[in-house]
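Okay, structure first, notes after.
Values quoted throughout were computed directly from the atomic coordinates according to the rules given, and no laboratory measurement underlies them. Please read these numbers as outputs of a predicted model, since none were measured by experiment. A quick note on method: Cβ atoms are made from the backbone with ideal geometry, for glycine too, and the neighbour counts reach across all protein chains shown.
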Amino acid sequence: MAHGLSKSRLQAFRQCPRRLWLSVHRPDLQQVSEQTGQRFQIGFQVGDVARGLYPDGVLIDTPDAGAALALTRRALAEQPDRPLFEAAFQRDGVLVRADLLLPESGGYRLREVKASTWIKDEHREDCAIQVWVIGAVLPLTGVELAHVDTAFVYPGGSDYRGLLKPNLLDAEVADLLPAVPQWVAEARATLTGTEPAITPGSQCHSPYDCPFQSHCGADQPPQPDYPLDCLPRLSGRRLQGLLDRGIADVRQIPADYPLTRKQVRVARVIQSGAAERDPAVAALLNGLGYPRRYLDFESMQVAVPLWVGTQPYQQLVVQWSRHVETAPGHLAHCAFLAEGEDDPRRAFAEALVEAVGDVGPVFVYNRSFEVGRLQELQREYPDLAPALAALIARVVDLKPLTERYYCHPAMKGRWSLKAVLPTIAPELDYSALAIGDGGAASGAWRELYHSDTSAERRAELRAALAEYCCRDTLALVRLAVFLAETQP
Ligand code: SF4
């Protein structure tokens, strides 16, 4: 049976022939990640903006291929002077949908739109496939790839002119065009055969996360408990030396093998199975006074700015959580979650200044994030800058202290809070939460600000976000208490 091809199928083939084969013959095996779903959503929003710049455009508004081809033919015949969105074309059984076709000089300029901030190799191939199909039936005057311009500053009023930066790709596409028929032939041959015996590798994550990783990983030999990537920054000659000796698990590394100090420490802890905690950290922390604050921010990044003066993919603070410990073990909690549709950053900053008081250490984990956001708020709201500067001066970063003074075999050479916490407070497990990491929190915030999100869903998301951020600061409290314990 002959299988139809499309641009997305050809791109799947270009990533990995096995991916193409599975997507056609075993689509039931795919598991689409949350990040992939979010990437699609961002792409849709950017696509909407691109179309909004041409209000007289005609949208070919059907997912059905046959109907889309017929509607495209009719639009081209009856309204040749109007831009076309999602127009459908087919050549030799390969179907493509064009983001934008803009009429000019008796032909059309093809514009593909991407939510990324630069041109990637896969975008060039994407355009080449489009041109190979569309150019056979329509005079194309040029091909462009428009990506998000991070220098764009939103002036408000839904004015998104300048958000997308078109780049002419005529020459690069011309270079790729001769290869397209070969890709088509090879993809067809792949589909008529059995499942390709391709082992998982770097192609599984690049250029996209492949949705068949569970399936392909199942027939791989089990991973060692402590793979070599547990050792921080192990690469080059040192990594190759271990591989050449057939060593795949940190526990097999000989004591005299040359490693860095940090690698030696992680290997020693893994090989002994015993955690190490330097009592010097307790002295450091016990020297700090009370009240102590524990602080965590959440932010979101959007491709299409929502608020005047903001830029694409800018980190926008929308939530904080703060625990305060007035005396050992005496805790209270408060939080800020953005509300409504307006820019929440000033309210965020004002409430924060109030919540952190003016004395005592403010603990964070990885200060570059929180301090970076505070510095941005200083620039944005100069009248709040002195109070925010005073807050920055009180920040104590628990991450470098943890990295320097604590190591547990189960952390496997990682010092993220999510890696450390199970070793000191397993009951604070994030896996039981509806939102379990910063990426999911950022995605939840984007969903909250999406106009299609129902009131019920918003309430659900806000509750999950509040619980997640509160868990982060509670984790900081537990970590600080653990590090400050004087050891037996
Ligand atoms: S998981 Fe990797 S090997 Fe399997 S189909 Fe995807 S890209 Fe190919």
Item checked: Where a label projected 7 Å from the Cα of ALA347 along Cα→Cβ would reach, residues of the stretch 309-324 with amide N under 16 Å -> 317-321
Next item on the list: Mind giving me the nanometre distance, one decimal, between the label points for GLU78 and GLN31, set 7 Å out from Cα along Cα→Cβ?
Entry: 4.7 nm
Item checked: Using distinct alpha-carbon pairs, which all enter the 1/r mean, Kirkwood radius of the chain in Å -> 26.4 Å
Notebook entry, point to check: Using the alpha-carbon atoms, what tilt in degrees (0 to 90, nearest 10) does helix 345-356 show relative to the longest principal axis of the chain?
Noted result: 10 degrees
Check: Which parts of the stretch 437-460 would a label at SER158 reach, counting a residue when its backbone N lies under 16 Å from a point 7 Å out along Cα-to-Cβ?
Finding: 450-452
Next item on the list: Using a cut-off of under 15 Å, list every residue of the stretch 306-348 whose amide N is near the label point 7 Å from the Cα of GLN375 along the Cα-to-beta-carbon line.
Entry: 315
Item checked: Share antiparallel - DSSP beta bridges, the chain, percent rounded to 5 -> 70 percent
Next item on the list: For the stretch 233-274, list log₁₀ I(q)/I(0) at each q in 0.15, 0.18, 0.33 Å⁻¹, using the Debye formula over Cα point scatterers of equal strength and ignoring solvent, two decimals each.
Entry: -0.32, -0.46, -1.38
Note to self: Percent of Cα-Cα pairs more than 18 Å apart in the stretch 114-165, please.
What the structure shows: 47 percent
Checklist line | R0 of 45 Å, Cβ-Cβ distance GLU339-GLU485: FRET efficiency to nearest 0.05 | finding: 0.70
Notebook entry, point to check: Contour minus end-to-end for ARG458 and ASP278, with contour as 0.36 nm per residue of separation and end-to-end as the Cα-Cα distance?
Noted result: 60.3 nm
Next item on the list: For the stretch 5-192, compute Rh as the Kirkwood radius over C-alpha pairs and then the Stokes-Einstein diffusion coefficient at 4 °C and 1.567 mPa s; write the answer in µm²/s, rounded to an integer.
Entry: 74 µm²/s
Notebook entry, point to check: Label points 7 Å out from Cα along the Cβ direction at ALA389 and ALA151: separation in nm?
Noted result: 3.1 nm
Notebook entry, point to check: In 5 Å bins starting at 0, how do the alpha-carbon pair distances of the stretch 280-484 split up by percent?
Noted result: 1, 7, 15, 19, 19, 16, 12, 6, 3, 1, 0
Margin query: Below 15 angstrom from the Cβ of ALA390, what's the summed charge of the other residues (Lys, Arg +1; Asp, Glu -1)?
Written below: -3
Margin query: Percent of Cα-Cα pairs more than 17 Å apart in the stretch 360-474, please.
Written below: 66 percent
Item checked: Potential extension, GLN41-SER206 segment - 0.36 nm per residue separation minus Cα distance -> 57.5 nm
Check: How many Lys pairs in the chain lie less than 26 angstrom apart by Cα atoms, where the lysines are 8 or more positions apart or on different chains?
Finding: 10
